[in-house]
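A.B. asks: Below is one structure. I have some questions about it.
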Amino acid sequence: MQDGDDHDPGDDADTLVRKIIHIDMDAFYASVEQRDDPALRGKPVAVGGSSRRGVVAAASYEARRFGVRSAMPSVTARRQCPSLIFVPPRFDVYRDVSHQIRAIFRDYADEVEPLSLDEAYLDVSADKAGVGSATAAAQLIRQRIRAETGLTASAGVSYNKFIAKLASDQNKPDGITIIPPGKGAAFVQTLSIRRFHGIGPVTAAKLEGFGIFSGADLAAKDPLWLAENFGNSAEWLFNLARGIDQRRVRSNRPLKSLGGERTFFNDLVSDTEIREALAHVCTVVWDRAAKKGARGRTVTLKLRYADFRTITRARSVAHAIPDGRSLLAAGEAILAPLLPAEQGIRLLGVTLSKFEGEDGDDEDRTDAPADLLSLI
């Protein structure tokens, strides 16, 4: 993408094409562990708990070749890769490295939008570093990350966030993909809909039920058909299939939700145990909310049973929850109809959302990735 590409017909409010980079660190947590312990290099590594109650937070590329993935139960991961090496997470280290990487980003862009510790969008339209193009900026950022942290990153370079994120995953690990204006729709239409950021398993299954497996399949559906079958999501799906995304990179997006969850070594069975666990998680969540000065109106409870079936239930109140006791009361009100538990509970989580002053931005954001919030 060169600086001469300066017209974006899809955005009447902005006469200049945006130049967006999505940087995604390669197997971030596992790569940090392999960097810091040479004995782990070239071996299948999983960051997470190795017990029968454990969950994989991240997997090295060597482990991924065996089908090991994040959020996979540790017992399943061990079954798929008997030589898998489990390493406990060191979130303080991951945060420190993330801060190093974000400092590099700031040398190239004023607008940096972190999505988690290991990925971010950068708007380099202004060419802050004077390097001549978005592609050159992405290459320099990747080089500096390797030189300063010993880690590799993949990059997607394009004219909007949706395509840049898809592109960063195209040539992993340690790769770069550039999708210039005029090529976005064709690129998107070659991909599986399950690659589309924002389309979850439920929506993907529904689309596939209609014979829609790729971006091209989705692009073939007219707006009326999409509206009849997908309601308010129709316009969004129509745009995705054509590589249209008008969202800006926003460095100071408002906090949309925060939460915490706890995985238990032994399944919780009694009502008393479950209520005590709820109280503990609510305390953690409220402490985090208080530090941020965040006051929300919606409480969501997440339960994962012994068979890994997961449910969520939410309740909203008229006014922002004022204190930890009120948060716990809301959580208990949601929990009560679910007791006694039909099976043991292996995970319990609480999320607070709908904060005061929320501006209606259409892209939700949590304050940290789920694995960072877990209390394993």
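A.B. asks: Tell me, please, whether a residue that is within 16 Å of Ser31 (Cβ to Cβ), without any contact (Cβ under 8 Å) to a residue 24 or more places away in the chain and surrounded by fewer than 20 Cβ atoms within 10 Å (Cβ to Cβ) can be found in region 156-175.
C.D. replies: Among the residues of region 156-175, at least one is within 16 Å of Ser31 (Cβ to Cβ), without any contact (Cβ under 8 Å) to a residue 24 or more places away in the chain and surrounded by fewer than 20 Cβ atoms within 10 Å (Cβ to Cβ), which makes the answer yes.
A.B. asks: Could you grab the pairs with beta carbons closer than 6 Å, sequence gap of 6+ or different chains, first residue in region 201-219 and more than 17 Å from Trp236 (Cβ to Cβ) and in the same structural domain as Asn229 (by TED's automatic domain parsing), second one of a type in the set (Asp, Glu) and modelled with pLDDT under 95?
C.D. replies: none
A.B. asks: When the residues of region 258-276 are filtered to those that are surrounded by fewer than 20 Cβ atoms within 10 Å (Cβ to Cβ) and acidic (Asp, Glu), which remaining residue is farthest from Gly293 (Cα to Cα)?
C.D. replies: Only one residue tops the list, namely Asp267.
A.B. asks: For region 246-253, does any single residue satisfy the condition of being small (Gly, Ala, Ser), under 21 Å from the mean Cα position of the chain (by Cα), under 23 Å from Ala164 (Cα atoms) and surrounded by 15 or more Cβ atoms within 10 Å (Cβ to Cβ)? Walk me through it before giving the result.
C.D. replies: So in region 246-253, the residues small (Gly, Ala, Ser) come out as 251.
Now drop any that are not under 21 Å from the mean Cα position of the chain (by Cα), which leaves 251.
Those still in the list that are under 23 Å from Ala164 (Cα atoms) too: 251.
Pick out the ones that are also surrounded by 15 or more Cβ atoms within 10 Å (Cβ to Cβ) and you get 251.
Yes, region 246-253 contains a residue that is small (Gly, Ala, Ser), under 21 Å from the mean Cα position of the chain (by Cα), under 23 Å from Ala164 (Cα atoms) and surrounded by 15 or more Cβ atoms within 10 Å (Cβ to Cβ).
A.B. asks: When region 327-360 is examined, which residues are found to be without any contact (Cβ under 8 Å) to a residue 24 or more places away in the chain and either within 20 Å of Lys256 (Cβ to Cβ) or among the aromatic types (Phe, Trp, Tyr) (or both)?
C.D. replies: If the condition is that a residue be without any contact (Cβ under 8 Å) to a residue 24 or more places away in the chain and either within 20 Å of Lys256 (Cβ to Cβ) or among the aromatic types (Phe, Trp, Tyr) (or both), then Gly360 is the only one that fits.
A.B. asks: Still on this structure: Quickly run through region 27-65 and pick out the residues that are crowded, with 18+ Cβ neighbours inside 10 Å, under 17 Å from Leu117 (Cβ atoms) and not polar (S, T, N, Q).
C.D. replies: Within region 27-65, Ala27, Phe28, Tyr29, Ala30, Val32, Glu33, Val47, Gly48, Val56, Ala57, Ala58, Ala59 qualify.
A.B. asks: For region 30-45, state whether one or more residues are at pLDDT below 85 and either assigned by TED's automatic domain parsing to the domain that holds Glu113 or at negative phi (or both).
C.D. replies: no
A.B. asks: Determine which single condition Gly130 fails, assuming it passes every other condition in (1) surrounded by 14 or more Cβ atoms within 10 Å (Cβ to Cβ); (2) more than 20 Å from Ile163 (Cα to Cα); (3) free of Cβ contacts under 8 Å to residues at least 24 places away in the same chain.
C.D. replies: (1)
The values are calculated or read from the model by the stated rules, or taken from the named source; none is laboratory data. Predicted model, so just to flag it, every value in this text is computed and none were measured. All Cβ positions, even for glycine, are placed from backbone atoms using ideal geometry, and neighbour counts span all protein chains on display.
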